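Here is the structure we will look at.
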């Protein structure tokens with residue numbers, strides 16, 4: 001079933017329910033009004049013939065009258081010499097066990113009659129007959145067949161009207177759905193074209209600010225994000241290819257030299273081995289960094305609350321093992337602060353900042369780490385960052401002209417920026433006023449109301 005058919009069917013069903021309810025309410029209102037009119041007529045007739053303690057049936061022409069005793073005997077009737085069937089309801093009213101009753105009955109010929117059954121106490125004077133010795137029930141009857149016929153005609157008319165209303169609703173619902181879904185069909189065609197051509201540069205005409213316009217704008221934003229992702233992916237591949245070319249070329253050259261190992265001096269062979277291990281390590285780091293960037297936020301570890309100060313202290317302990325080779329000291333000041341995110345990835349980001357600080361610190365240098373209120377600050381006493389390089393330090397594979405001779409892939413700070421952005425934070429770089437070198441400041445939103453661990 002198509003969407004247009006479902007919309008048309010839904011409109012028809014809603015209108016059908018509304019028409020059915022309207023017809024039902026109209027029928028009940030008409031029925032209650034007609035029954036109320038008949039009951040008022042019976043009540044008026046009873047009031048005209050009854051002035052206790054006197055009962056005068058002869059003054060009420062056009063109404064059938066019966067007097068029935070508690071044992072079911074008809075004491076008086078003006079119904080052409082015969083009584084209507086007497087049932088338990090009448091005898092219950094006559095004996096005083098029930099109050100006055102209105103009801104609809106049918107005679108032997110199937111004609112509808114409306115009855116009023118009233119209790120009459122003993123001692124009431126019946127005109128022309130004298131006082132009534134025991135309590136009786138007065139049954140006052142009028143014809144109700146005309147009302148029944150009118151109600152039946154009204155019901156048939158309302159059924160036909162409801163059927164016509166449903167058909168008209170279905171027709172107009174189909175027409176309305178057809179007119180309303182034309183823009184949706186156009187939107188669907190545009191989306192199918194993008195799916196077929198894979199042209200993410202395509203943009204849809206957003207049109208008005210209705211629901212379809214909102215859908216088009218959302219799809220355009222999706223295409224923009226996808227296009228940006230494709231551009232970034234292509235750039236990553238190009239940059240990775242460029243960065244891989246150098247160590248692979250060096251490894252190839254060294255491998256060719258190994259073919260003439262008999263011609264080399266022992267110290268040359270040792271240097272060649274060191275160079276190849278260094279190049280393999282560089283390739284390993286580059287592949288690891290590329291894997292981390294490609295993984296992004298798609299990490300197995302779920303986001304959770306953790307103490308940032310505890311994590312910074314752990315990362316500093318690990319960094320100190322590398323810092324000892326350069327006799328670099330690492331000082332840590334950490335205050336408990338709870339943040340939310342992937343602990344493993346945040347640890348990678350903080351570790352990269354510490355490794356970067358140690359890498360550029362001089363022999364016997366100093367690194368200061370402060371964690372307070374969701375902010376991690378890393379200062380070093382190295383050469384610092386040139387003002388012209390600050391806007392680019394978090395770009396992938398970026399290395400300043402001064403640092404290109406140092407080992408590294410240029411991806412460490414890019415990973416820091418990606419992790420921080422994924423955790424809803426920010427990271428900035430600049431000059432350290434404390435130690436004179438570089439300063440990196442990583443900010444993560446603290447969990448308000450959460451306590452440290």
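In table form, for the structure just shown:
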| item | result |
| --- | --- |
| Verdict on residue 336 being at pLDDT 85 or above, under 21 Å from residue 308 (Cα atoms) and part of a loop (DSSP other than H, G, I, E, B) | yes |
| Test: residue in segment 338-357 that is over 45 Å from the mean Cα position of the chain (by Cα) and surrounded by 20 or more Cβ atoms within 10 Å (Cβ to Cβ) | yes |
| Subset of segment 100-122 [more than 18 Å from residue 89 (Cα to Cα) and either touching a strand residue (DSSP E or B) at 6+ places or on another chain (Cβ under 9 Å) or surrounded by 16 or more Cβ atoms within 10 Å (Cβ to Cβ) (or both)] | 111, 122 |
| Pick from segment 45-69, criterion in a loop (DSSP other than H, G, I, E, B) and more than 20 Å from residue 113 (Cα to Cα), ranking: modelled with the lowest pLDDT | 52 |
| Index of the failed condition, residue 24 passing every other in (1) loosely packed, with under 12 Cβ neighbours inside 10 Å; (2) modelled with pLDDT of 85 or more; (3) more than 30 Å from residue 60 (Cα to Cα) | (1) |
| Filter result for the condition that a residue is under 21 Å from residue 36 (Cα atoms) and surrounded by 12 or more Cβ atoms within 10 Å (Cβ to Cβ), over 148, 186 | 148 |
| Residues located in segment 123-140, provided they are out of contact with any strand residue (DSSP E or B) (no Cβ under 8 Å at 6 or more places or on another chain) and at pLDDT 85 or above | 134 |
| Where residue 89 falls short, out of the listed (1) in the same structural domain as residue 47 (by TED's automatic domain parsing); (2) outside any helix (DSSP H, G or I); (3) surrounded by 14 or more Cβ atoms within 10 Å (Cβ to Cβ) | (2) |
| Residue 8 on the phi < 0 side of the Ramachandran plot and touching a strand residue (DSSP E or B) at 6+ places or on another chain (Cβ under 7 Å) | no |
| Residues that are out of contact with any helix residue (DSSP H, G or I) (no Cβ under 7 Å at 6 or more places or on another chain) and assigned to a strand (DSSP E or B), drawn from segment 418-446 | 428, 431, 439, 441, 443, 446 |
| Given (1) assigned to a loop (DSSP other than H, G, I, E, B); (2) buried (at least 16 other Cβ atoms within 10 Å of the Cβ); (3) modelled with pLDDT under 85, index of the condition residue 402 fails | (2) |
| Some residue of segment 372-391 being surrounded by fewer than 18 Cβ atoms within 10 Å (Cβ to Cβ), free of Cβ contacts under 8 Å to residues at least 40 places away in the same chain and in a helix (DSSP H, G or I) | yes |
| Test for residue 31: is it assigned to a helix (DSSP H, G or I), touching a helix residue (DSSP H, G or I) at 6+ places or on another chain (Cβ under 6 Å), modelled with pLDDT under 80 and on the phi < 0 side of the Ramachandran plot | no |
| Residue in segment 289-301 that is modelled with pLDDT of 75 or more and in contact with a helix residue (DSSP H, G or I) (Cβ under 9 Å, 6 or more places away or on another chain) present | no |
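So that you can scan it fast, the table gives a plain yes or no per residue for (1) part of a loop (DSSP other than H, G, I, E, B); (2) on the phi > 0 side of the Ramachandran plot; (3) at pLDDT 85 or above:
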| position | (1), (2), (3) |
| --- | --- |
| 85 | yes, no, no |
| 108 | yes, no, no |
| 154 | no, no, yes |
| 173 | no, no, no |
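The values are calculated or read from the model by the stated rules, or taken from the named source; none is laboratory data. Just so it is clear, the structure is predicted and the values come from calculations on it, not from any experiment. Note that we place each Cβ from the backbone using ideal geometry, even for glycine, and neighbour counts take in every protein chain shown.
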